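Have a look at the structure below before the remarks.
The values are calculated or read from the model by the stated rules, or taken from the named source; none is laboratory data. Worth saying up front: this structure is predicted, and the values here are computed from it rather than measured. All Cβ positions, even for glycine, are placed from backbone atoms using ideal geometry, and neighbour counts span all protein chains on display. Quick note on the areas: whole protein, heavy atoms, side chains included, nothing else; ligands and nucleic acids left out. Shrake-Rupley method; radii C 1.70, N 1.55, O 1.52, S 1.80 Å.
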Amino acid sequence: MDTGLTTLRESDIAKYNSTANAMIKRVSVLIRAKDTGSSTPLAGTRRRFVSTISSAPTRSARKVNISQTIADMNEGDSLLTIAQHNLLYRLRRALTVALAVRDVFARQSELEALEAENRSSPLQGEKAARFHKLMSAASFVAQFTAASYLLQTLEAGEDSGFEAPGPHFSFDSPHEGLKHLIYGLDSAISGAPDDILLMARARMSMQALIAALMSRKGRFEALGNFENVHIRLDADDFELNGFDLRERGRSRPLVMNFKKPNEIIGNHIAKYQSIRLAKMLMAYDFDRQMNPFVELGGFLFTFIGDGAPGTGKTILIQMIAGLVNDYCQMAGYTFHYENFGVDQISSYQGKSGQNCKQFVTNVMDPRVIGFGTVDDIDQIAARRSDDKASAGQQEITAVLMESFAGAGTVVRGNCSFGMFSNYPENVDDALRQRAGARWLVDGPQTEEDYIDIFALLLGSNHNIDLGRHELYATQEIKRAVSTAYEQHSKPQEEGLIKIFDRYVDAHGEPKNLKDIGLYLHAIKQAEPRLTGRAVKNITDAVKMRAMNFELPDEWFEKPETFLHRPYDEKRAMIAELQMPVTMDMIMQEINRYADSEFRYTDKSDAAAVGNYVRDQRVRERAAAEITFLKEAGQWNV
């Protein structure tokens, strides 16, 4: 979230270059020595010898030259390796960034004013105490910033047999704190046999430092304002969001059984919109951190897919992820796919909500192209009125509602979230309405669909004649989608058909925006869930239909053709393809959305009726058995 975003300028950082250069060449720190008291019990007793001379822990001065420590790793070679130079450069950069962030903290607190006053005359009393508290907090901020910078900018390595030495702290001043950070890093990397383990030990040292810092954070009262600070350094792609820890490291390749569009039979509208969604995501501009489709309209941030088991929801997920993954590899972008599942529901209070928030944060990271899914959403996020749901499920519902359409939600256009369910009627109404699009995933429907899917799954290891059938002819995407959209010119669900017929009898076919408003109000009278948010979802779907064009495939063959162009050029290329909104589009999208609500209501009512019928049958059977037992004289036995 960019609220309160502070961008560090190079001029703010460069002024500390000379200080950082001196620190990586030579620092002197005072390290607390271990207690020198005897640990040997006196003979015949359980008491230990206690000297009459004070044996309190003492401090000893240690001098560190970390640049020399790194240089000494190359026996007989005066030049540093690329990894060694990168570590030394990143360390120097971390020190300068930490001191610049320390200045930000000083400006946002009383520290800057107190420092100016202290330079003119030494502070006394309460002001002096306040000054020392703020200086300690500034030291905490500087050490946390430097360690976070190194974790975000150093490549990850692995050294499972290495245990990082305990970190050393000083909160006297930011400079002293950073000197102790250098001492701890020097101790960790000393003796690293190669570059991979050098990087691994450096990162592990910083991880240990941050963990130790966070365990002490409660001691510093003056850190409260820094919790809400958002700082970004564009040159290094470095971010600080309060004390939230974000590690970059080495991204792992996505492992999934990807599917191609021609491997999906039926589900024409869902398949078509999946293909468009994949290409929409790739229009995201990393420099501007915005997508032209968000600005022009038609970007799909959230959607819900519903259908019976086995109709193809999982295959749709695999297809979208596969398309985006291929495009990202071609363009050199990072793709992050993540599914939030039932295994992340925790029995600990608050942990489920934290897991869900982390899932959303990972997918919405503006430095990646993200796709997040919540499969079986009805099992993971509970209705708020469901007394039988766990606290963890209720937490997830609250987090998803706030993340998808909350006051702080920022849609940049780099990511999309899909919710999938066999029973969408069990999803909380408010959460379901936060899905900007409804995809009916009903699988193969026609005779041609079943011929095509059987031939596809059977494969080619046979000599059986196909018969009089043009294989996959009805799966041709433009033809299939055109037919599918035309079907929604009239309602499909029985409840909506009755409303539409009554409206047409009273007013005739809708011809203008007033007629559309009257039709929506008529639907509202029968379906209270057609709220203002539902109307917004419909208008967003109409805008998406105005973008009802498939970005040319040649735009995605080479990154310089479209993907790597400046934002304004990409926006102009897309705008040229935009079409005007028509009455047919509006009616089709109203009917599609309203059909889904009536479908959810009908399924919910059908389930309730089924349960009631079953209960009545059980009662009648129980009454018959009771009567039989009474007549046989066995009822009171």
note = Checked pairs for region 156-173, first closer than 19 Å to Arg203 by Cβ, second modelled with pLDDT under 80 and small (Gly, Ala, Ser), C-beta under 6 Å and 6 or more apart or across chains, list as Ala156/Gly249
ask   = From the set of residues in region 540-554 that are assigned to a helix (DSSP H, G or I) and without any contact (Cβ under 8 Å) to a residue 24 or more places away in the chain, which is nearest to Ala437 (Cα to Cα)?
value = Asp553
ask   = Hey, does region 353-369 have a residue that's closer than 21 Å to Val427 by Cα, assigned to a loop (DSSP other than H, G, I, E, B) and of a type outside the set (Ser, Thr, Tyr)?
value = no
Qualifying position, being in contact with a Cys (Cβ under 8 Å, 6 or more places away or on another chain) and open to solvent by less than 10 Å² (accessible area, probe 1.4 Å), among Leu431, Leu400 = Leu400
remark   = Output for Cβ contacts, cut-off 7 Å, separation at least six or different chains, first residue outside any helix (DSSP H, G or I) in region 182-201, second of a type in the set (Ser, Thr, Tyr), reads Ser190/Thr69
remark   = Of Phe371, Phe335, the only residue that is touching a helix residue (DSSP H, G or I) at 6+ places or on another chain (Cβ under 7 Å), modelled with pLDDT of 90 or more and open to solvent by 20 Å² or more (accessible area, probe 1.4 Å) is Phe335
key: Residue check, Ser205 closer than 20 Å to Met23 by Cβ, surrounded by fewer than 17 Cβ atoms within 10 Å (Cβ to Cβ) and not hydrophobic (A, V, I, L, M, F, W, C)   = no
Test set (1) among the aliphatic types (A, V, I, L, M); (2) assigned to a loop (DSSP other than H, G, I, E, B); (3) open to solvent by less than 30 Å² (accessible area, probe 1.4 Å); (4) closer than 19 Å to Asn362 by Cα - Val411 fails condition number = (3)
query = Just to be sure, is Leu178 of a type in the set (A, V, I, L, M, F, W, C), out of contact with any Phe, Trp or Tyr (no Cβ under 9 Å at 6 or more places or on another chain) and surrounded by 23 or more Cβ atoms within 10 Å (Cβ to Cβ)?
reply = yes
task = Within region 519-537, track down each residue that is assigned to a helix (DSSP H, G or I) and among the β-branched types (Val, Ile, Thr).
result = Ile523, Val535
query = Among Leu87, Leu114, Leu134, which is of a type in the set (A, V, I, L, M), more than 31 Å from the chain's Cα centre (by Cα), modelled with pLDDT of 90 or more and assigned to a helix (DSSP H, G or I)?
reply = Leu134
remark   = Scanning region 391-417 for residues that are of a type in the set (S, T, N, Q) and touching a residue at least 24 places away in the same chain (Cβ under 8 Å) gives Gln393, Thr397, Ser403, Asn414, Ser416
request  = Please go through region 276-295 and pick out each residue that is surrounded by fewer than 19 Cβ atoms within 10 Å (Cβ to Cβ) and among the acidic types (Asp, Glu).
outcome  = Asp287, Glu295
ask   = Counting only residues that are in a helix (DSSP H, G or I) and not hydrophobic (A, V, I, L, M, F, W, C), how many does region 504-518 have?
value = 5
request  = Scan Ala211, Ala188 and give me the residue that is within 31 Å of the chain's Cα centre (by Cα) and among the hydrophobic types (A, V, I, L, M, F, W, C).
outcome  = Ala211
message = Would you confirm, using the coordinates I've provided, whether Ala106 is assigned to a helix (DSSP H, G or I), of a type in the set (Gly, Ala, Ser) and surrounded by fewer than 19 Cβ atoms within 10 Å (Cβ to Cβ)?
response = no
query = Which residues, taken from region 171-181, are outside any helix (DSSP H, G or I) and acidic (Asp, Glu)?
reply = Asp172
remark   = Restricted to region 374-397 and to residues being acidic (Asp, Glu) and not in a helix (DSSP H, G or I), the residue most open to solvent (accessible area, probe 1.4 Å) is Asp387
task = Considering every residue within region 305-315, establish whether at least one is open to solvent by less than 10 Å² (accessible area, probe 1.4 Å), at pLDDT below 90 and part of a loop (DSSP other than H, G, I, E, B).
result = yes
